[in-house]
Amino acid sequence: MAQTPNIQWFPGHMAKTRRLIQDQVKLVDLVVEITDARIPQSSRNPELDKWVGGKRRLLVLNKCDAADPGITARWLQYYQETGVPAIAVDAKSGKGVGQFLPAVRELLSDVTERLARKGMVGRPLRMMIVGIPNVGKSSFINRVAKEKRARVEDRPGVTTGKQWIAVAKDVDLMDTPGVLWPKFEDPAVGEKLAFTGAVKDQIMDVELLAVRLLGWLREEYPALLEGRYRLTPEDTAGREDYELLELVGRKRGMLISGGEVDTLRAATMLLDEYRGGKLGRLSLEAPPRKGAAQ
Ligand code: G4P
């Protein structure tokens, strides 16, 4: 998609965040990378590997309520098999968030033991939350912190004034700003980020995006598409994706003078409904099947 790449890249914002992460990562025991369960790979910032080096990582597939549960289960298995610890959560309702603290305590049990050996029993485990914009970082932190949310004012060795939050007596989290990366090598990645709303609509051609989404839906989830917009298989057969958008708009009575369809309104409605989960639980990407060529 021609419109998506590069524009979302605010060089100053990215450089600042990169410096913050590179600077603070030395102080943490774990990097918690929040991703969107509908696009677990496409929502991972490829720059991050350079910024955090070999620091241990936990993947959190958030918004799993919006993703196809069967595909999310396959992603979790895929990550387990590839040695990347991962959990799936829904930070909006809180479902699955309870796994987080036990998972990090288990992952970092060696750190706890080492600290105990050194007599640093009171030193909390420190982790940094990273993720692209809109992936649910704040929602997740609020859920994990519950009423315990408290800013950490003074931790020895830790720069204050940063976004440190004590979420349990033994766990501190540091929030970081959400950033995208300069260039989507694969245009499909940019497109998926736009479908889910990680790339802002203001900088995109909304109609083109909706047409592309319709094209994808009619291929992958035709029954959900037809059910939502009361389309018959005959309605969709032989129509171009753009004509399908017109038909969807017409069915919803989105007309302008002369009986033409207000396709911009129809496009905005389609994207809103998709993002709001009205079309059902849809995953935009699945892990490679075992034995399939990569
Ligand atoms: P950020 O800090 O990473 O930028 O994300 P934030 O928590 O602000 O969440 C971005 C949007 O994603 C919010 O929706 C939020 O409600 C939604 N969200 C977060 N976690 C989940 C989840 O697990 N499932 C679903 N379905 N949505 C989630 P919004 O439309 O911007 O605001 P609102 O709907 O909360 O008013």
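In summary, the chain shows an alpha-carbon radius of gyration equal to 1.13 times the 2.2 N^0.38 Å reference for compact globular proteins. Quick check: the distance between the Cα centres of the stretch 129-147 and the stretch 175-195, to the nearest angstrom? Cα centroid to Cα centroid, the span is 18 Å. The Cβ shell under 12 Å around Pro288 holds other residues with a net charge of +1, Lys and Arg each +1, Asp and Glu each -1.
Local charge for Ser93 was computed over the other residues whose Cβ lies under 13 Å away, with Lys and Arg +1 and Asp and Glu -1, and equals +2. With all protein chains in place and a 1.4 Å probe, the accessible surface of the chain carries 51 percent carbon and sulfur.
Provide the FRET efficiency to the nearest 0.05 for the Asp110-Lys16 pair, computing r from the beta carbons and using R0 = 35 Å.
Working: r = 33 Å, r/R0 = 0.94.
Between Asp110 and Lys16 the formula returns 0.60.
Taking the Cα centre of the chain as origin and assigning +1 to Lys and Arg Cβ atoms and -1 to Asp and Glu Cβ atoms, the resulting dipole is close to 1520 debye. Taking a straight Cα-Cα cut-off under 16 Å and skipping sequence neighbours fewer than 8 places away in the same chain, the aspartates and glutamates within cross-link reach of Lys290 are Glu81.
Charge tally for Asp235 (other residues, Cβ to Cβ under 12 Å; Lys, Arg +1; Asp, Glu -1): +1. For a straight C-alpha distance cut-off of 21 angstrom, the lysines reachable from Lys251 (same-chain residues fewer than eight places away being disregarded) are Lys278. Based on DSSP H segments of at least four residues, each scored -39500 (n - 2.57), the chain has a per-residue ellipticity at 222 nm of -12000 deg cm²/dmol.
Anything over 22 Å Cα to Cα? Flag those among Lys50/Lys183; Lys137/Lys192; Lys92/Lys183, in the order listed. Beyond 22 Å between Cα atoms: Lys92/Lys183.
Of the trypsin sites (Lys or Arg not before Pro) in the stretch 222-287, the ones in a loop by DSSP (not H, G, I, E or B) with at most 11 other beta carbons within 10 Å are Arg230.
The values are calculated or read from the model by the stated rules, or taken from the named source; none is laboratory data. Not measured: the values here are computed from a predicted model. Ideal geometry is used to build each Cβ from the backbone, glycine not excepted, and the neighbour counts take in all protein chains shown. Areas reflect the complete protein model, heavy atoms only, side chains present, ligands, DNA and RNA absent. Shrake-Rupley method; radii C 1.70, N 1.55, O 1.52, S 1.80 Å.
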